[in-house]
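*Asks:* One structure, as structure tokens, below. Some questions next.
The values are calculated or read from the model by the stated rules, or taken from the named source; none is laboratory data. Here the structure is a predicted model, which means the values were calculated and not measured. Please note: Cβ atoms are built from the backbone with ideal geometry, for glycine as well, and neighbour counts cover all protein chains shown. Remember, those area values only see protein heavy atoms, side chains included, never the ligands or the DNA or RNA. Shrake-Rupley method; radii C 1.70, N 1.55, O 1.52, S 1.80 Å.
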Amino acid sequence: MRTCGVEITGSDVFLCILSKDNDVFDIRDVRQTRFTLGNGNDTEVMRKFQFDFAKLMQDYQIDSVAIRERQPKGKFAGSAKGFRMETAIQLIENLDVQVLSPTLIKEQLKRNPVPIDFEETGLKKYQETAFINAYVYIMRKTYRHDEA
């Protein structure tokens, strides 16, 4: 199972590819760990973002994408550009995209804490949330019987 964790903040999409095989996790090196969107109102810019993201997922044979749900209102509300990028990712054909709520992520981490300190992963600090999203999704798939 190869999962791409995604964190969307402002006009940036941060990525981390994580796979699990025989109970061993593998953090994949990837040619691009972030996308930055210019003008989110331009249809061609959005199409290029969607194409580039889909191509990256195809090249690395990604089975699923895990995105942390962002709030539509309030202090921690996501930007309009961020919601456009999320939608573009969700609409990619033949790609399993899951939006994980902060509550679900917290509960899953409580059940299955990350077995390694993030600093030891070799990832950049900005990839931490994307890593957590991928880890939570994989653990949720692995231990689906734990869900209520």
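*Asks:* Figure the gain on full extension for Arg111 and Asn94 (residue separation times 0.36 nm, minus the Cα-Cα span) and round it to one decimal in nm.
*Replies:* Answer, rounded to one decimal: 3.1 nm.
*Asks:* Here's another thing I want to ask about it. Using the crude model of +1 on Lys and Arg Cβ and -1 on Asp and Glu Cβ, and no other charge, please compute the dipole size for the chain relative to its Cα centre, in debye to 20.
*Replies:* 460
*Asks:* Separate question: Give me the distance between the Cα centres of the stretch 1-74 and the stretch 91-135, rounded to whole Å.
*Replies:* Value for the Cα centre distance between the two parts: 12 Å.
*Asks:* Where in the stretch 50-128 are there trypsin sites (Lys or Arg not before Pro) that are in a DSSP coil and have at most 15 other Cβ atoms within 10 angstrom of their Cβ?
*Replies:* The qualifying sites are Lys73, Lys75, Lys124.
*Asks:* Follow-up. Could you grab the relative contact order for the chain? Cα pairs under 8 Å, six or more apart, rounded to a whole percent.
*Replies:* 33
*Asks:* Let me ask you something else. If you take every DSSP beta bridge fully contained in the chain, what fraction is antiparallel? Give it as a percent rounded to 5.
*Replies:* Roughly 60 percent of the beta bridges in the chain run antiparallel, per DSSP.
*Asks:* Rounded to two decimals, what ratio of Rg to Rh does the stretch 79-148 give with C-alpha atoms and a Kirkwood Rh?
*Replies:* Checking Rg against Rh, the ratio lands at 1.00.
*Asks:* Further question on the same structure: Which of the three applies to the chain, rounded, prolate or oblate, going by the alpha-carbon gyration tensor with a ≥ b ≥ c and a/c under 1.5 meaning rounded?
*Replies:* It is prolate, given that a/c is not under 1.5 and a/b is the larger ratio.
*Asks:* Accessible area per residue, 1.4 Å probe, Å², for the stretch 1-54: what's the number?
*Replies:* Here the per-residue accessible area is 54 Å².
*Asks:* Okay, moving on. Please work out how much accessible surface Tyr137 shows to a 1.4 Å probe, ignoring ligands, DNA and RNA, in Å² rounded to 10.
*Replies:* Surface open to solvent at Tyr137 totals about 10 Å².
*Asks:* Determine the share of the stretch 1-100's accessible area contributed by carbon and sulfur atoms, expressed in whole percent, with a 1.4 angstrom probe.
*Replies:* 45
*Asks:* Where Lys and Arg each count +1 and Asp and Glu each count -1, what net charge lies around Ile67 among other residues with Cβ under 12 Å from its Cβ?
*Replies:* Spelling it out: positives minus negatives among the neighbours equals -2.
*Asks:* Still on this model: Shape of the stretch 17-95 from its Cα gyration tensor (a ≥ b ≥ c, root eigenvalues): rounded if a/c is under 1.5, otherwise prolate when a/b > b/c, or oblate?
*Replies:* Verdict is oblate for the stretch 17-95.
*Asks:* Additional query: Once you list every other residue whose beta carbon is under 12 Å from the beta carbon of Val45, what net charge do they have if Lys and Arg are +1 and Asp and Glu are -1?
*Replies:* +1
*Asks:* Picking from Leu91, Leu15, Asn41, whose Cα lies most toward the positive end of the charge dipole for the chain (charges on Cβ: Lys, Arg +1; Asp, Glu -1)?
*Replies:* Selected residue: Asn41.
*Asks:* A further question follows. Of Lys20/Lys55; Lys48/Lys106; Lys48/Lys81; Lys106/Lys141; Lys20/Lys124; Lys81/Lys141, which ones are farther than 24 Å apart at the Cα?
*Replies:* Beyond 24 Å between Cα atoms: Lys48/Lys106; Lys81/Lys141.
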